[in-house]
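Some notes on the structure that comes next.
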Amino acid sequence: MFHDECAVFGIWGDIEAARMTYLGLYAQQHRGQESSGIVTLRSRTPASHLVHKGLGLVGDVFSEEILRGLDGAAAIGHNRYSTTGENLIANAQPLTANLQSGPIAIAHNGNIVNAKSLRESLIAKGAIFHGSNDTEVVLHLLSRNSKNDLVACLKDISLELEGAYSFVILSHNKLVAMRDPYGFRPLVLGRRGPSLVLASETCAFDLIGAEFVREIAPGEIFWVDDQGEYSEKLPKKVEKTAHCVFEHVYFARPDSTVFGRSVYEARKAMGRELARENPTAADIVVPVPDSGVPAALGYSAESGLPFELGIIRNHYIGRTFIQPSQSIRSFGVKIKLNPQAQILAGKRVVVIDDSLVRGTTSQKIIHLIRQAGAREVHFRLASPPTIGSCFYGVDTPKRSQLIAATKSIDEIRSYIGADTLGYLSHDGLMRAVGADHGGGFCAACFTGRYPTDLYGLDRE
Ligand code: AMP
């Protein structure tokens with residue numbers, strides 16, 4: 001099972017394309033920390049690509065010298081986080097190949113759910129795969145398509161792909177953006193002077209001073225070349241979009257606008273809904289930083305209870321979730337979060353986090369909050385119980401490891417050691433993300449209802 005929490009970026013028509021891409025990836029580091037890569041289109045004939053990829057954070061993978069070497073006025077980039085252990089550099093993106101038509105590079109956010117069967121049939125026909133990720137399938141499908149127009153090929157292969165894809169693709173003469181008809185993952189279009197930019201999130205545009213133009217629509221293929229900009233619809237239609245609600249709950253940066261709604265506002269609204277649904281007699285509202293902060297502000301505003309930063313976070317370590325083993329993950333909570341006794345001692349505390357997955361983090365935090373002298377701990381989650389794995393590009397553990405999939409609310413409460421436990425309802429979440437004003441969301445992680453066929457992927 002491959003998990004691809006990723007960031008994509010693309011730029012066309014900027015002599016500093018690699019540097020802009022570096023910054024765009026830097027702003028989107030939260031979407032993936034395992035590997036990072038940039039491909040540029042060299043501005044000489046014959047057209048060729050320059051590639052640099054490495055394992056680690058954007059700031060570690062690229063140096064001034066490397067960026068200077070990546071010349072060209074167009075580029076794409078990718079940050080990747082994956083849980084598959086082996087052959088990491090072969091899976092680092094953008095993936096590149098030389099097709100009959102010339103060089104191609106592809107950066108993918110999302111997960112193609114029928115990749116396994118596509119891969120098996122390609123291997124049976126003689127294809128050789130380098131890595132174990134789902135994106136390589138796309139390169140093989142492209143290489144086998146006999147049409148010599150990239151956009152026509154991509155439209156053809158979109159009929160074979162099922163699942164989540166926000167692609168940014170660089171060929172020998174164009175930059176392409178293509179988003180699956182469900183619109184699972186975000187993909188936005190911006191402008192920076194004469195150059196055109198693409199990114200997973202708008203926070204990338206803020207950093208490089210680009211202006212947000214619009215989303216790449218679900219089911220849209222958009223491209224730019226030296227002649228102009230074009231947009232067409234992919235041939236495959238679906239009844240309803242399925243925007244990933246978890247982007248709003250946790251994944252996206254709060255300073256981004258995702259699916260037309262400010263992530264910060266959505267999270268605050270989740271906190272307000274949560275306070276309405278789960279009022280609590282308490283003295284203070286304390287977020288689990290940073291993921292619980294906007295929701296805790298909303299909870300505090302709605303309930304009238306004072307907001308306090310009762311837990312201070314050390315910012316110089318990664319998210320505890322993104323660690324290789326259970327033992328390190330548990331240790332991570334202690335080095336990352338420090339509850340403040342001077343704020344918590346003797347208090348009845350409402351603690352707000354965005355989501356509860358395995359329950360490991362919450363259990364540790366509650367223990368530390370009690371050690372700091374809190375009298376009561378009321379744990380509140382700004383999303384519903386997580387009961388389903390994600391097959392569309394968010395890294396969630398297997399269903400059997402999701403505490404809410406196997407335990408009742410009271411059993412979870414007792415496991416994490418809270419006095420009371422409350423979750424936001426599904427309806428409350430949908431109101432907060434603005435789903436009642438149209439716009440279909442995928443909430444499979446909270447409902448277990450998947451918008452596509454899963455092609456035999458293991459739900460357990
Ligand atoms: P857990 O200890 O497994 O219950 O993890 C819960 C914590 O992980 C919460 O603080 C969430 O903010 C965070 N979290 C939830 N989903 C993810 C994810 N897909 N990737 C990284 N962190 C996550």
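Under the convention that each Lys and Arg Cβ holds +1 and each Asp and Glu Cβ holds -1, the size of the dipole of region 158-309 around its Cα centre is about 240 debye.
Helix 293-303 versus the longest principal axis of the chain: what angle, 0 to 90°, nearest 10, using Cα atoms? Computed tilt is about 40 degrees. The distance separating the Cα centre of region 348-370 from that of region 1-55 comes to 36 Å.
Mean silhouette area of region 360-400, derived from the convex hull of its C-alpha atoms and averaged over all directions, reads 3.9 nm². Diffusion coefficient of region 174-224 by Stokes-Einstein, Kirkwood radius over Cα pairs, 10 °C, 1.306 mPa s: 144 µm²/s.
Note on Lys398 and Ser146: their simple-model spin labels are 4.4 nm apart, each label 7 Å out from Cα toward Cβ. Peptides 122-130, 445-453, 389-397 ordered by packing proxy, namely the average of other Cβ atoms within 10 Å per residue, highest first: 389-397, 445-453, 122-130.
What FRET efficiency do you get for Ala281 and Asp255 if R0 is 25 Å and r is their Cβ-Cβ distance, rounded to the nearest 0.05?
Values: r = 34 Å, r/R0 = 1.35.
It comes out at approximately 0.15.
Taken as Cα centroids, region 250-317 and region 372-401 sit 15 Å apart, rounded to the nearest whole angstrom. Work out the P(r) tail for region 123-235: percent of alpha carbon pairs separated by more than 25 Å, whole number. Of all Cα-Cα pairs in region 123-235, 25 percent lie more than 25 Å apart. Take the Cα of Ser48, step 7 Å toward its Cβ, do the same at Ser414, and the gap between the two points is 6.8 nm. In this rough spin-label picture, where each label sits 7 Å from Cα along the Cβ direction, the Lys240-Phe129 distance is 3.2 nm.
What separates the Cα centres of region 89-145 and region 406-460 is a distance of 32 Å. Both the radius of gyration and Dmax for region 232-298 are 15.6, 56 Å, in that order, over alpha-carbon atoms.
Where nothing but the Cβ of Lys and Arg (+1) and of Asp and Glu (-1) is charged, how large is the charge dipole of the chain around its Cα centre, in debye to the nearest 20? Numbers along the way, then the final one.
Working: 48 positive and 49 negative charges, 134 e Å.
I would put it at about 640 debye.
For the set Lys364/Lys398; Lys174/Lys240; Lys174/Lys233; Lys147/Lys233, the pairs lying more than 23 angstrom apart at their alpha carbons are Lys174/Lys240. Surface analysis of region 6-238 yields an accessible area of 37 Å² per residue, using protein heavy atoms and a 1.4 Å probe.
Accessible surface for Lys233 stands near 150 Å², nearest 10, in the context of the full protein assembly shown (1.4 Å probe). Taking one quarter of the surface of the convex hull spanned by the alpha-carbon atoms of region 14-55 gives a direction-averaged projected area of 3.1 nm².
In angstrom, the C-alpha Rg and Dmax of region 337-460 are 16.4, 53. Shown here is the pair-distance distribution of the chain: with all Cα-Cα distances grouped in 10 Å bins from zero up to the longest one, the shares run 4, 21, 30, 24, 14, 5, 1, 0 percent. One compactness figure for region 6-238 is 0.92, namely its Cα radius of gyration divided by 2.2 N^0.38 Å.
Considering only beta bridges that DSSP places wholly inside the chain, some 80 percent are antiparallel.
Extension gain for the segment Thr406 to Glu376, taken as residue separation times 0.36 nm less the Cα-Cα distance, is 8.2 nm to one decimal.
The values are calculated or read from the model by the stated rules, or taken from the named source; none is laboratory data. Bear in mind the structure is a predicted one, so any value in this text is a computation, not a measurement. Cβ: placed from backbone, ideal geometry, glycine included. Neighbour counts: every protein chain shown. Surface areas here come from the heavy atoms of the whole protein model, side chains and all, with no ligands, DNA or RNA. Shrake-Rupley method; radii C 1.70, N 1.55, O 1.52, S 1.80 Å.
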